[in-house]
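The values are calculated or read from the model by the stated rules, or taken from the named source; none is laboratory data. This is a predicted model, so every value here is computed, not measured. Neighbour counts run over all protein chains shown; Cβ positions are idealised from the backbone, glycine included. Keep in mind that these areas ignore ligands, DNA and RNA; they rest on the heavy atoms of the full protein, side chains included. Shrake-Rupley method; radii C 1.70, N 1.55, O 1.52, S 1.80 Å.
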Amino acid sequence: MPTEPLSQKEIEDRLRELPGWSLEGDRIARSYRLDSHFAATALVVHIAQIQEELNHHSDLTLGYNTVALTVQSHDVNALTERDFALAERVEGIAPAHGAN
């Protein structure tokens, strides 16, 4: 996937397609609330599996019943298509874990 930084307009356009995600500085971020610590942990493991598949890793924080991600392409110190691809994959699996 290209590692070219996205323009501000491209970032804004892509964020409109990802409800719940926001721009925090030079990263995109999202927090999920789940029913239990076990459910949150299962989501973290599933996200880690996706990150390995994509060879693209986010900052991932596990709370008691929360999971938070911040995503940025560290190799270019900017947002790229890879970041949004990861966010889309996470959005695709989060509901199955009961995340909202």
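One line per residue, one yes/no per condition, for (1) assigned to a loop (DSSP other than H, G, I, E, B); (2) of a type in the set (Ser, Thr, Tyr); (3) more than 19 Å from GLY92 (Cα to Cα); (4) open to solvent by 30 Å² or more (accessible area, probe 1.4 Å):
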position: ARG14; (1), (2), (3), (4): no, no, no, yes
position: TYR32; (1), (2), (3), (4): no, yes, no, no
position: ALA40; (1), (2), (3), (4): no, no, no, no
position: ALA48; (1), (2), (3), (4): no, no, no, yes
position: THR61; (1), (2), (3), (4): no, yes, no, yes
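The single condition from (1) open to solvent by less than 80 Å² (accessible area, probe 1.4 Å); (2) over 14 Å from the mean Cα position of the chain (by Cα); (3) modelled with pLDDT of 95 or more; (4) of a type in the set (S, T, N, Q) that GLN8 fails is (1).
Identify all residues within the range 14-46 that are on the phi > 0 side of the Ramachandran plot and within 13 Å of the chain's Cα centre (by Cα); write none if there are none.
Correct list: GLY20 only.
One residue is enough: does the range 79-86 have a residue meeting the conditions part of a helix (DSSP H, G or I), without any contact (Cβ under 8 Å) to a residue 24 or more places away in the chain and surrounded by 13 or more Cβ atoms within 10 Å (Cβ to Cβ)? If you could, list the steps in order and put the result at the bottom.
Filtering the range 79-86 for residues part of a helix (DSSP H, G or I) gives 81-86.
Still in the running and without any contact (Cβ under 8 Å) to a residue 24 or more places away in the chain: none.
Among the residues of the range 79-86, not one is part of a helix (DSSP H, G or I), without any contact (Cβ under 8 Å) to a residue 24 or more places away in the chain and surrounded by 13 or more Cβ atoms within 10 Å (Cβ to Cβ), which makes the answer no.
Would you pick out the residues in the range 50-59 that are open to solvent by 40 Å² or more (accessible area, probe 1.4 Å) and in a helix (DSSP H, G or I)? Working first, answer last.
First pass over the range 50-59, keeping only residues open to solvent by 40 Å² or more (accessible area, probe 1.4 Å): 52-55, 57, 59.
Correct list: GLU52, GLU53, LEU54.
Check whether at least one residue in the range 29-47 is modelled with pLDDT of 95 or more, hydroxyl-bearing (Ser, Thr, Tyr) and in contact with a helix residue (DSSP H, G or I) (Cβ under 7 Å, 6 or more places away or on another chain), and report yes or no. Reasoning before the result, please.
Initially, the range 29-47 is screened for residues modelled with pLDDT of 95 or more, giving 29-47.
If we keep only those that are hydroxyl-bearing (Ser, Thr, Tyr) as well, we get 31-32, 36, 41.
Filter once more, so that each one left must be in contact with a helix residue (DSSP H, G or I) (Cβ under 7 Å, 6 or more places away or on another chain): 32.
Yes - at least one qualifying residue is present in the range 29-47.
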